[in-house]
Amino acid sequence: MTVDAVVAGAGVWGCTVARRLAESGRRVLVLERRHAVGGNVRCETDAETGIEVHTYGSHIFHTHIPEVWEFVNRFVKFNGYQHKVLARYRGKTYFLPLGLALIEKFFGVELKPCEADAFLRDEARSKAVFDAFFRGYTSKQWGRPPEEIDPSIIKRVPVRTSYDVNYFNDYNQGIPLSGYNSLFERLLDHPGIEVRCNAAVRLEGGAFWVGGDALPCVPVYYSGPVDELFGYRFGHLPWRTLRFETERLDVRDYQGTSVVNYTEAEVPYTRIHEFKHYHPEDAAVMNAPKTVIMREYPAAWKPGDEPYYPIDTTESRALLARYMEEAAKLPGLVVGGRLGGYKYYDIDKSVEAALSLRLLGQ
Ligand SMILES: Cc1cc2nc3c(=O)[nH]c(=O)nc-3n(C[C@H](O)[C@H](O)[C@H](O)COP(=O)(O)OP(=O)(O)OC[C@H]3O[C@@H](n4cnc5c(N)ncnc54)[C@H](O)[C@@H]3O)c2cc1C
């Protein structure tokens, strides 16, 4: 196939860009380093139970962006799953986010919605809540006490003065009925798209390569790590990584919900995921006598580890700017996605970024 554009990386961003390119009449070669497409949203089906296991940790699709919702619904339908997160602290279970249900149980009080704000404005109470539910969790997540972390990370924690225990505010939520992998397979299912897996793109001598082959001289839409592309010549961009421990258990239901956060610093993991709860519509999976759980352990990142969360500091922003300057010097190179942009994106924001991208040659 003659190629009009190359997409390096078949995660959410790359697959969306490839689809747009193909629908605009271009012939697209998609090159993916891993053995399969989907990036970090990829799932594997557990052979024994049929449970869809989120290989890189729980992924819940949620959005308030109509164009994104409309776009993904062209390819898959969602099951309407609404995400709720529980927190375990000192032997008790609470509903997150921080709202009336949690406050009442934690302090043993009853409050009207209009009283909750003033109740939590009390410094001792707000400190008690922060220490119980956020201090230990945040320290484990980032490997540093919350005081040392950018305040915006802490602000991400939603606070509500209602009994609404829906974790996300977005009206549109769910898990693809046919599984996440089908979203990527269908996005790439177009006569103008050719996909090659186990194919890492690299830059050498000013040209792009895959294995021993130079890539055709066309626009390259790259969603791999931007520092890797330039041989880490200014140093490594810092990340936090995660270690996952997956177990199949001989119980029908282990924790009664999809995610429980363990907020105490002494518990080494941050969350336990139980994947069957993402498909309440699937009676066979829900009633299976076994379940699959995954413990999530945050860890310091070193080169070679999977990069999960970018560490936003003045130094890392300056380093990113240097790499972006290098990227801007290469005509025909477009860098994007979470690894290229060194930025945390939810799935919908990755789709939005890809949908609003100016395609080269248009
Ligand atoms: C633990 C965790 C949980 C999350 N949970 C949610 C959630 O519940 N809901 C939500 O909306 N979002 C969630 N996200 C965010 C979501 O994972 C991202 O939005 C999404 O993965 C971004 O897609 P991407 O295409 O930018 O990157 P990726 O998914 O990382 O895809 C990039 C792809 O490029 C490939 N690649 C890299 N380098 C090269 C190269 N040189 N050549 C070829 N291929 C290459 C990689 O193998 C990968 O497949 C979560 C993120 C994390 C870290």
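Return a yes/no flag: does region 337-352 have any residue that is surrounded by fewer than 20 Cβ atoms within 10 Å (Cβ to Cβ) and in contact with a Gly (Cβ under 7 Å, 6 or more places away or on another chain). It would help to see each step written out before you state the result.
If we filter region 337-352 for residues that are surrounded by fewer than 20 Cβ atoms within 10 Å (Cβ to Cβ), which is where we start, we get 341, 343-346, 349, 352.
Those still in the list that are in contact with a Gly (Cβ under 7 Å, 6 or more places away or on another chain) too: none.
No; the residues of region 337-352 include none that is surrounded by fewer than 20 Cβ atoms within 10 Å (Cβ to Cβ) and in contact with a Gly (Cβ under 7 Å, 6 or more places away or on another chain).
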Quiz item: Out of all the residues in region 85-119, which are closer than 25 Å to residue 266 by Cβ and either within 16 Å of the ligand (Cβ to nearest atom) or of a type in the set (A, V, I, L, M) (or both)?
Solution: 85, 86, 87, 96, 97, 98, 101, 102, 103
Practice problem: Output the residues belonging to region 210-244 that are open to solvent by 40 Å² or more (accessible area, probe 1.4 Å) and among the basic types (Lys, Arg). | Solution: 233, 243
Quiz item: How many residues does region 161-215 contain that are within 30 Å of residue 113 (Cα to Cα) and polar (S, T, N, Q)?
Solution: 6
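If you check residue 29 against the conditions, is it at pLDDT 95 or above, closer than 24 Å to residue 191 by Cβ, part of a helix (DSSP H, G or I) and in contact with a strand residue (DSSP E or B) (Cβ under 6 Å, 6 or more places away or on another chain)?
So residue 29 does not fit the description; no.
Taking the condition touching a helix residue (DSSP H, G or I) at 6+ places or on another chain (Cβ under 9 Å) and open to solvent by 20 Å² or more (accessible area, probe 1.4 Å), does residue 44 pass?
Numbers: touching a helix residue (DSSP H, G or I) at 6+ places or on another chain (Cβ under 9 Å): yes; open to solvent by 20 Å² or more (accessible area, probe 1.4 Å): yes.
Here the answer is yes, as residue 44 does meet what is asked.
Could you tell me whether residue 18 is away from the ligand (no atom under 16 Å from the Cβ), assigned to a helix (DSSP H, G or I), surrounded by 16 or more Cβ atoms within 10 Å (Cβ to Cβ) and in contact (Cβ under 8 Å) with a residue 12 or more places away in the chain? So that I can check it myself, show each step before the final result.
Working: away from the ligand (no atom under 16 Å from the Cβ): no; assigned to a helix (DSSP H, G or I): yes; surrounded by 16 or more Cβ atoms within 10 Å (Cβ to Cβ): yes; in contact (Cβ under 8 Å) with a residue 12 or more places away in the chain: yes.
Spelling it out, it is not the case that residue 18 is away from the ligand (no atom under 16 Å from the Cβ), assigned to a helix (DSSP H, G or I), surrounded by 16 or more Cβ atoms within 10 Å (Cβ to Cβ) and in contact (Cβ under 8 Å) with a residue 12 or more places away in the chain.
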Exercise. Would you confirm whether any residue within region 200-209 is at pLDDT below 95, closer than 30 Å to residue 300 by Cα, assigned to a loop (DSSP other than H, G, I, E, B) and open to solvent by 70 Å² or more (accessible area, probe 1.4 Å)?
Key: no
Practice problem: Could you tell me whether residue 59 is at pLDDT 95 or above, part of a loop (DSSP other than H, G, I, E, B) and more than 9 Å from the ligand (Cβ to nearest atom)? | Solution: no
Quiz item: Applying the selection to region 307-351, what residues are over 14 Å from the mean Cα position of the chain (by Cα) and of a type in the set (D, E, K, R)?
Solution: 312, 315, 317, 322, 325, 326, 329
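Look through 95, 130, 78, 107 and report the one residue that is in contact (Cβ under 8 Å) with a residue 24 or more places away in the chain, farther than 30 Å from residue 16 by Cα and either open to solvent by 30 Å² or more (accessible area, probe 1.4 Å) or in contact with a Gly (Cβ under 6 Å, 6 or more places away or on another chain) (or both). Walk me through it before giving the result.
Details: 130 fails: in contact (Cβ under 8 Å) with a residue 24 or more places away in the chain; 78 fails: farther than 30 Å from residue 16 by Cα; 107 fails: in contact (Cβ under 8 Å) with a residue 24 or more places away in the chain.
The match here is 95.
Where in region 259-359 are there helices (runs of 4 or more DSSP H), lying wholly inside it, with at least 1 residues that are among the acidic types (Asp, Glu)?
Details: elements: 283-287, 314-328, 337-340, 347-356.
Here the list reads 314-328, 347-356.
The values are calculated or read from the model by the stated rules, or taken from the named source; none is laboratory data. Keep in mind that what you see is a predicted model, and the values were worked out from it rather than measured. All Cβ positions, glycine included, derive from the backbone under ideal geometry; neighbour counts span all protein chains shown. Areas reflect the complete protein model, heavy atoms only, side chains present, ligands, DNA and RNA absent. Shrake-Rupley method; radii C 1.70, N 1.55, O 1.52, S 1.80 Å.
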